[in-house]
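**Student:** The structure follows.
The values are calculated or read from the model by the stated rules, or taken from the named source; none is laboratory data. All values reported here derive from a predicted model rather than from experimental measurement. As a convention, Cβ positions derive from the backbone with ideal geometry for all residues, glycine included, and neighbour counts pool all protein chains shown. Accessible surface areas use protein heavy atoms only, side chains included; no ligands, DNA or RNA. Shrake-Rupley method; radii C 1.70, N 1.55, O 1.52, S 1.80 Å.
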Amino acid sequence: SCILLTPCQHQVYCSVLYLFFLCFVLRRRRPPRYTLLPDTTHFRAAGSNEKAINASKKNLEAYAGASKAIFEGFNAFAKKQVDILNTAITSAKDATADLSAGKPQDTAVKSIELTKKSIEDAQANVSDLVKIYEKTATETFEILNKRTLDSLSELKTVVADNNNKVSAPASSAKK
């Protein structure tokens, strides 16, 4: 069955897709394989393929974790919506029975009380839905943000290692 997304769910989904795209683009940029300068081949270290594979595995694990968090959040959101709908149906049945059994003067007072209760319930339901949304967005962001920061640290290490390899042959050539 097709599940329609609420605006909150749509916003979470779009923000996760944006973060996924951002991380994917940042991790997939590689130096060109062919170059006109022969001395730039030292940037292709022997272990770089292994490091790239490990980084890709970590990225996929982070994306899987983020997808799981989103899936669980959407499920919790949908369950809450079903609970809200069931409660509203039950309340409407009870209200109809209460209003039809009383005197017209009592009916007006009961109607006002039911309206007030409905508004309070709606506010509480919206608050609960927002909490579910915020929890989902926070978990997803933390997963992707952690991987992005780890990825930048890995990239910094690779660049530092390559700089050390470049400076080592240059210093030995001066001797």
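**Student:** Could you please find all residues in the range 35-64 being open to solvent by less than 30 Å² (accessible area, probe 1.4 Å) and modelled with pLDDT under 85?
**Tutor:** Going residue by residue through the range 35-64, those that are open to solvent by less than 30 Å² (accessible area, probe 1.4 Å) are 45, 52, 55-56, 59, 62-63.
Listed by number, the residues that qualify are 45, 52, 55, 56.
**Student:** Could you figure out which of (1) within 26 Å of residue 54 (Cα to Cα); (2) in contact with a Leu (Cβ under 6 Å, 6 or more places away or on another chain) isn't true of residue 107?
**Tutor:** Condition (1) is where residue 107 drops out.
**Student:** Given the condition exposed (fewer than 14 other Cβ atoms within 10 Å of the Cβ), over 27 Å from residue 83 (Cβ atoms) and either among the hydrophobic types (A, V, I, L, M, F, W, C) or touching a Leu at 6+ places or on another chain (Cβ under 8 Å) (or both), answer yes or no: does some residue in the range 147-158 qualify? Give the derivation first.
**Tutor:** As a first pass, look at the range 147-158 and keep what is exposed (fewer than 14 other Cβ atoms within 10 Å of the Cβ): 149, 152-153, 156-157.
Pick out the ones that are also over 27 Å from residue 83 (Cβ atoms) and you get 149, 152-153, 156-157.
Still in the list and also either among the hydrophobic types (A, V, I, L, M, F, W, C) or touching a Leu at 6+ places or on another chain (Cβ under 8 Å) (or both): 149, 152.
Scanning the range 147-158 turns up at least one residue that is exposed (fewer than 14 other Cβ atoms within 10 Å of the Cβ), over 27 Å from residue 83 (Cβ atoms) and either among the hydrophobic types (A, V, I, L, M, F, W, C) or touching a Leu at 6+ places or on another chain (Cβ under 8 Å) (or both).
**Student:** Taking the criterion of being open to solvent by less than 80 Å² (accessible area, probe 1.4 Å), within 30 Å of residue 60 (Cα to Cα) and not polar (S, T, N, Q), would at least one residue in the range 123-131 satisfy it?
**Tutor:** yes
Residue-by-condition table, conditions (1) more than 30 Å from residue 15 (Cα to Cα); (2) without any contact (Cβ under 8 Å) to a residue 24 or more places away in the chain:
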{"residue": "53", "(1), (2)": "no, yes"}
{"residue": "70", "(1), (2)": "no, no"}
{"residue": "75", "(1), (2)": "no, yes"}
{"residue": "80", "(1), (2)": "no, no"}
{"residue": "106", "(1), (2)": "yes, yes"}
{"residue": "109", "(1), (2)": "yes, yes"}
{"residue": "122", "(1), (2)": "no, yes"}
{"residue": "153", "(1), (2)": "no, yes"}
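**Student:** Moving on. Output the residues belonging to the range 80-114 that are within 37 Å of the chain's Cα centre (by Cα) and of a type in the set (Ser, Thr, Tyr). Give the derivation first.
**Tutor:** To start, the set of residues in the range 80-114 that are within 37 Å of the chain's Cα centre (by Cα) comprises 80-92.
Passing the criteria: 87, 90, 91.
**Student:** Kindly indicate the residue of the range 85-101 that is open to solvent by 40 Å² or more (accessible area, probe 1.4 Å) and either of a type in the set (A, V, I, L, M, F, W, C) or not in a helix (DSSP H, G or I) (or both) and also farthest from residue 147 (Cα to Cα) among those meeting that condition.
**Tutor:** 101
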